[in-house]
1. Counting only heavy atoms of protein chains, what accessible area per residue, in Å², does the stretch 199-278 have with a probe of 1.4 Å?
2. Points 7 angstrom from Cα along the Cβ direction at H420 and V176: gap in nanometres?
3. Given the options P101, Y63, L118, identify the residue whose Cα lies farthest towards the positive end of the charge dipole of the stretch 61-148 (+1 on Cβ of Lys, Arg; -1 on Cβ of Asp, Glu).
4. What distance in nm separates the two pseudo spin-label positions at R390 and R286, each 7 Å out from Cα along the beta-carbon direction?
5. For the chain, give the percent of accessible area contributed by carbon and sulfur heavy atoms, probe 1.4 Å, rounded to a whole number.
6. Would you mind checking which residues have amide H under 5 Å from V402's amide H? H placed 1.01 Å from N; only 5 or more apart, or other chain.
7. May I ask you to list the residues of the stretch 483-497 whose amide nitrogen lies under 16 Å from a point 7 Å from Cα along the Cα→beta-carbon direction of K463?
8. Mind checking the dipole of the stretch 269-339: about its Cα centre, +1 per Lys or Arg Cβ, -1 per Asp or Glu Cβ, Debye to the nearest 20?
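The values are calculated or read from the model by the stated rules, or taken from the named source; none is laboratory data. Everything numeric here is computed off the predicted structure, so don't read it as measured data. With ideal geometry, Cβ positions are generated from the backbone for all residues, glycine too; neighbour counts draw on all protein chains shown. Note: areas computed on protein heavy atoms with side chains; ligands, DNA, RNA excluded. Shrake-Rupley method; radii C 1.70, N 1.55, O 1.52, S 1.80 Å.
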Amino acid sequence: MSSTVAAPAAAPAVSGLFPFARRPVFLLTGAFALLLGVAAWWYGYFGDELYFMAAADHLAWGYADQQPALPVLAGATQSLLPDSPLTLRLPAVLATAAGVPLSAQIARELGGDRRAQLLTAGAFVLSPQILLNGRLLGTMTFDPILWTLLTWLLVRWVRLRKAGRTDDRLLLWAGVVTAAAIQIKFLVLGFWVALGIAVLLVGPRELLARGKLWIGAGIAVLTTIPTLIWQARHDWPQLGMSGVVNGESQYDGMALLGRWLALSGVVGAVLLCYGLARLLTEPSSRPYRFIGVTCCVLAVIFLSTGAREYYMVGLYPVLFAAGAVGLQRSREQARRPWASRLTWPAYGLSAAVCLTSLTPAPVVTLPGILANNTGREWPVITHDVAAELRALPETRRQRTTVLASSYWTAGALHHFGPEHGLPEIYSGSRGYGYFGRPPENSQATLYVGGSRASLLRFFGEVKRVDTAGYAHEPSKSRAVWLAEQRKLPWSEIWPRLRGMGMWE
């Protein structure tokens, strides 16, 4: 052997795997968890989080726009330490941090040595989208981590099958993970549809014949029955969410592809593209080719349906791992040694870009408005709405309903309102519209947001009452209207007012 060829590290004879890079990976996990915890503490409540806390006070087997898992989590964490954004986000911080060793384990299953494992874990940490996910309680936080766990189970099943030690218990666990993912969002069903197409195209077709895979599928179906019953009883409102998501999507086509790359990070984009190319073309990656094809099929589905930009994040770790193992193979064969020398400077650049997402001026713009919205405007809005309600005469105030045009604003008023004396909050926006409608004996409505024209459909007299105009924070103003002389009973108004859009 030529002296220029680097000898690969010896893998254990029994497992065929390189040792797990335990110490550096867990040190990185701890540092990442600490960073996420600081970021989670830094910001006030995000609009969706306020909605989840409101939903926790209206627990049900299903909701118009999501599944019950996050409202249950929000209620549980707030019962431990109320009014603490950090406590609310601890499940998200811990779940996201767990993705660091899990992504390293995917690299290990693909044949990655300690360095490849650490490169994969580092790419996971330095993905701007993953950093955003981990500091918020949201569906975009748990979906990707559960998808990462699914890909690890599938990659491990294939690796053991190649070694003649097939373990179908992994497929059973994949069903359990899918059941958990469904309680967050139905999006995981798209993953399995794409995977099924990929397996039929490139194998291993034996996967679809394994009994425990279908037992796992049965578990997922059984756990979904309660929410399906709820949806059926409420005329399947969640079916309307696809059109809403399409309408709210800011990107499509090449722009969405560009966002997927940008939100994977500087190093992540390189590993992602290289890893996908290896999975699709390298003969040595043939057993795992179905993963690459799954990514392509899902990308086509999401591009054609107007998906949100974070939908593909759950497949980042397996692509990072495939790319890192590809660099390892090149290093072992002494190909492109310059790439090895550039690795750590590239990670340093990626860190510099990614960490700016914690500042008010991020280099990579992230969704969720956190760059310009720290969540501190919600108490201000609540204070001013309460002031407008208190300005009404006592006799009118007792018969005045507070209605919000946005489920975000409704969640904020629900959370901060009691300390200001606000009554129960109503909204026709998205899932909030299914929490109940205003009482029929209400005589006036204080409406936050929306427009006068939209209210004149249902009220004879509408006037704007927020004369102060939030002068202390004009950029975060919400119009407040006093609507009177209701034309129809709420039982007739509510179906027309309720909608799946974010804003009325």
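1. Details: 4230 Å² over 80 residues.
That works out to 53 Å² for each residue.
2. 4.6
3. L118
4. With each label placed 7 Å out from Cα toward Cβ, I get 7.6 nm.
5. Numbers: 13620 of 21140 Å².
Carbon-and-sulfur percentage of accessible area, whole number: 64.
6. Those qualifying (amide H under 5 Å, at least 5 residues apart or on another chain) are Y426, L446.
7. 483-486
8. Working: 8 positive and 3 negative charges, 47 e Å.
For the stretch 269-339, the charge dipole is close to 220 debye.
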